[in-house]
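J.: Structure below; questions to follow.
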C-alpha cells in the first residue's frame with residue numbers, strides 16, 4: 001500500500017488498515033498517475049506521481065488515478081515532467097477554489113493545457129532529463145556514502161578511541177606495519193578515568209560542552225526586517241529552506257541591512273533547533289537566518305569537529321524536543337551547555353582534521369555539482385514547446 005507526498009513521490013503508506021474495508025481502495029498500475037486535488041492553494045503544490053513499477057500497488061481512494069488515453073501521442077514520462085514544473089503548480093494554485101486551503105476541481109484540472117511536441121521530441125527531452133536525474137541520484141548516493149564513512153571514522157575515534165597512533169607504539173617496540181594496522185586503544189595507548197563520563201578516555205584528552213567549542217547564534221524574527229520599498233534584500237533561510245537545501249521564489253525576503261552574524265553564506269553550518277531538528281552545511285547561497293535556526297561557528301575548532309559533535313547529540317535532542325509539550329518541539333540552550341564533547345590533544349586534532357577535511361571537501365563539492373544539475377533540470381523543462389493542448393486522460397474512480 002502506498003501514499004503520495006507533497007513532493008510528488010510515492011511512499012509506503014503509514015495508515016492503519018486493521019479492520020479496514022479494503023474494497024474501497026484502488027489499484028494503481030504501471031504508467032498510471034495518482035494525484036491529490038485537495039489543499040492545493042494552501043500547499044502551493046499539486047501532488048502528482050507516475051507509477052513506474054511492473055507490480056501494481058494499493059492506494060487510498062482519496063487519490064484520483066488516471067492514465068493517458070493514447071501513449072502514441074503523449075509519453076507518460078513527458079507528462080510527469082510537465083507536472084514537476086513550478087509553472088504547473090502555480091497554475092493549479094490559481095485555479096484552486098474553496099477558501100484558504102483551496103482544492104482544485106477535477107474538470108479544471110482536465111482543462112489545464114500543456115505543450116505537446118512530437119513523440120520523438122518528447123522522448124529526446126525525456127532522455128536528456130533522465131540522464132541528468134540519474135547523475136543527481138548517483139551524486140546523492142555518493143554523498144550518503146561519504147557521510148556514512150565520516151560518521152564511522154568519527155565513532156572509531158571518539159567512541160572506540162581507535163584514532164591514529166603516535167610515538168607510544170614505537171616505545172613498545174612495534175613495527176611500522178603493526179602501528180598502521182592498529183588504533184590508539186588497541187595498540188596500548190594510555191587511558192585515564194573520566195568521572196563525568198564514567199569511563200576511561202585517552203590520556204591528554206579533556207571534556208567540554210557544545211557551547212564550549214562553538215558559538216550557536218540564533219536567527220532573527222525576519223518578519224520584523226522586511227525590505228522597504230526597493231531596498232536590497234536577501235532570501236530568508238527557514239526550516240523549510242534548510243530541508244530543501246535552497247531558497248526559491250516562495251522564500252520570504254529580508255532587508256540586506258540585518259546584522260552580519262545572522263547573514264548566511266555557502267558552507268556555513270546551520271542547526272535547526274525547533275520543529276524538525278536538523279544540522280547541515282548550507283550551500284543554498286547568501287541568505288538571512290530566521291529564528292529557530294542556529295548559525296554554528298568557532299574560532300577555536302575546525303568546522304568538521306563541531307558539526308559532527310553536534311550531529312552526534314542530535315538523536316538525544318530530538319527525544320527532548322519530542323517530549324516538549326508545546327505545539328512546536330524544541331531544545332533549549334541549556335541542552336547545548338550540557339552536551340559533552342571530548343577534545344583530543346592539539347597534535348591529534350591536527351591529524352584528524354587533515355583526514356576529515358578530505359571527506360567534507362568532497363561532500364560539499366558534490367553537493368554544489370548536484371545543485372548545478374538541478375538548475376540544468378529546470379532548463380531542460382524549459383525546452384518544452386510553446387503550443388498547448390488540453391490534458392487528455394482516462395480517470396479510474
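Every number here is computed from the coordinates shown, using simple stated rules; none is lab data. In this text the structure is predicted, and so the values were computed from the model without any measurement. Ideal geometry is used to build each Cβ from the backbone, glycine not excepted, and the neighbour counts take in all protein chains shown.
J.: Pull out a ≥ b ≥ c, the square roots of the eigenvalues of the alpha-carbon gyration tensor of the stretch 265-305, then state rounded if a/c is under 1.5, prolate if not and a/b is larger than b/c, and oblate in the remaining case.
T.: It comes out oblate by the Cα gyration axes.
J.: Now, a different point. Using Cα atoms only, what is the angle between the long axis of helix 303-312 and the major principal axis of the chain, expressed in degrees (0 to 90) to the nearest 10?
T.: 80 degrees
J.: On C-alpha positions alone, give me the angle between the axis of helix 119-158 and the longest principal axis of the chain, in degrees, nearest 10.
T.: Roughly 20 degrees between the two axes.
J.: Compute a Gaussian network model of the chain, connecting alpha carbons closer than 10 Å, and tell me which residue from 72, 151, 137 fluctuates the most.
T.: 72
J.: Pick the calculated Cα extents along the principal axes in Å for this structure from [x] 66, 55, 41; [y] 79, 54, 48; [z] 102, 46, 30?
T.: [y]
J.: Next question. State, as an integer percentage, the relative contact order of the stretch 209-343 based on alpha-carbon contacts under 8 Å between residues 6 or more apart.
T.: 32 percent
J.: Turning to a different aspect of this structure: Restricting to Cα pairs below 8 Å that are 6+ residues apart, what does the relative contact order work out to for the chain? Please round to a whole percent.
T.: Relative CO of the chain lands at 18 percent.
J.: From the helices alone, meaning DSSP H stretches of at least four residues, give me the mean residue ellipticity at 222 nm for the chain, per-run term -39500 (n - 2.57), in deg cm²/dmol to the nearest 500.
T.: On the way: 13 runs with 147 residues, N = 397.
That comes out to -11500 deg cm²/dmol.
J.: Turning to a different aspect of this structure: For the stretch 242-284 and the stretch 302-343, write down the distance between their C-alpha centroids in whole Å.
T.: Measuring centre to centre over Cα atoms gives 18 Å.
J.: Then there is this: How much of the DSSP bridge set in the chain is antiparallel, in percent, rounded to the nearest 5? Before the final figure, lay out each step's value.
T.: Numbers: 49 of 53 bridges.
Bridges in the chain that DSSP calls antiparallel: roughly 90 percent.
J.: Then there is this: Using a basic spin-label model with each label point 7 Å from the Cα along Cα→Cβ, how many nm lie between residue 30 and residue 130?
T.: The modelled label-to-label distance comes out at 1.2 nm.
J.: Would you mind classifying the stretch 209-343 by shape? Square roots of the alpha carbon gyration tensor eigenvalues, ordered a ≥ b ≥ c; an a/c under 1.5 is rounded, otherwise it is prolate if a/b is larger than b/c and oblate if not.
T.: prolate
J.: Right, something else. As an exercise, use a Förster radius of 25 Å and the Cβ-Cβ distance of residue 209 and residue 261 to find the FRET efficiency, rounded to the nearest 0.05.
T.: 0.75
J.: Using label points projected 7 Å from each Cα along Cα→Cβ, tell me how many nm separate residue 349 and residue 200, to one decimal.
T.: Going from the residue 349 label point to the residue 200 one covers 2.5 nm.
J.: Which residue, 48, 341, 73, has the most motion in a Gaussian network model of the chain that connects Cα atoms within less than 10 Å?
T.: Comparing 48, 341, 73 in the GNM, the peak value goes to 73.
J.: Using 0.36 nm per residue, how much length does the chain from residue 97 to residue 110 gain when fully extended, once their Cα-Cα distance is taken away?
T.: That pair, residue 97 and residue 110, stretches by 3.2 nm at full extension.
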